[in-house]
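Accompanying notes for the structure given below.
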Amino acid sequence: MNSRETKNLVTEARDYVVSATQAAGDVAGAIADVMSCALVRALRGTRATGAEIIALVVDTITGAIHGVAEVGGEVGSAARSIMLGALRGTQEVGKAGVETVSASAAALVRGTSEVGGNVGQAAKGAVEGAIAAARDLGMTAEDAAAAAGSGALRAAGEISSTAVEQVRSVLTGTISGVKVVLKEPFRLEKEKKPKTY
């Protein structure tokens with residue numbers, strides 16, 4: 001996928017979200033529906049596989065985050081709806097799995113950081129959305145929560161140690177009645193283990 005296609009998909013998703021949130025009474029439902037429709041449209045029109053599909057999902061999520069920010073919404077609060085819509089849309093064309101859940105959560109955290117939103121709330125919303133979509137994806141709620149939590153924490157590790165702490169503290173314990181099991185290590189690339197001699 002070239003950068004022009006990526007830019008168009010991000011812009012298209014942003015525009016869909018802006019239009020939907022301005023016209024809707026149920027903003028959360030509108031965002032989930034718009035995300036689902038945008039991904040179905042994008043994925044049905046392509047022969048993408050594997051990493052290309054993940055890239056389409058990530059671009060659509062990024063556009064949605066920017067759309068929510070543009071209309072003055074709190075991205076962290078919209079994260080659940082964005083995640084749920086992204087997973088439903090991807091699954092509708094039969095292409096969602098653990099990797100999609102993890103990459104989608106990571107995209108939510110990175111995008112939220114880009115627009116100055118609350119990364120901890122975005123991570124929590126990503127896990128909530130994954131749990132809500134788990135049955136449709138053929139996963140247990142625990143597996144979906146673990147995949148989303150791990151993706152969110154990985155993305156936080158790319159941002160800063162503060163982001164890691166915010167995400168880790170939000171994901172400790174249970175979310176929507178599910179214990180989130182995070183897989184370590186999630187250190188900043190700069191903070192890798194020191195060499196032992």
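The values are calculated or read from the model by the stated rules, or taken from the named source; none is laboratory data. What you see is a predicted model; the values in this text were computed from it and never measured. Note that we place each Cβ from the backbone using ideal geometry, even for glycine, and neighbour counts take in every protein chain shown. These area figures cover heavy atoms from the full protein model, side chains too; ligands, DNA and RNA do not enter into them. Shrake-Rupley method; radii C 1.70, N 1.55, O 1.52, S 1.80 Å.
Taken as a whole, the structure places Thr162 among residues that are among the hydroxyl-bearing types (Ser, Thr, Tyr), at pLDDT 90 or above and either open to solvent by less than 30 Å² (accessible area, probe 1.4 Å) or within 14 Å of Ala123 (Cβ to Cβ) (or both). Only one of the listed residues (Arg154, Arg135, Arg168) is open to solvent by 10 Å² or more (accessible area, probe 1.4 Å) and in contact with a helix residue (DSSP H, G or I) (Cβ under 6 Å, 6 or more places away or on another chain). That residue is Arg154.
Per-residue answers, yes or no, for (1) open to solvent by less than 20 Å² (accessible area, probe 1.4 Å); (2) not in a helix (DSSP H, G or I); (3) not acidic (Asp, Glu):
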{"position": "Ile65", "(1), (2), (3)": "yes, no, yes"}
{"position": "Gly85", "(1), (2), (3)": "yes, no, yes"}
{"position": "Arg88", "(1), (2), (3)": "no, no, yes"}
{"position": "Gln91", "(1), (2), (3)": "no, no, yes"}
{"position": "Lys95", "(1), (2), (3)": "no, yes, yes"}
{"position": "Ala107", "(1), (2), (3)": "yes, no, yes"}
{"position": "Gly120", "(1), (2), (3)": "yes, no, yes"}
{"position": "Ala126", "(1), (2), (3)": "yes, no, yes"}
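For the range 36-51, the criterion of being surrounded by fewer than 22 Cβ atoms within 10 Å (Cβ to Cβ), in contact (Cβ under 8 Å) with a residue 12 or more places away in the chain and not in a helix (DSSP H, G or I) is satisfied by at least one residue. Restricting attention to the range 65-74, does a residue exist that is modelled with pLDDT under 75 and either basic (Lys, Arg) or farther than 24 Å from Arg154 by Cβ (or both)? No, there is no match, as no residue in the range 65-74 is modelled with pLDDT under 75 and either basic (Lys, Arg) or farther than 24 Å from Arg154 by Cβ (or both).
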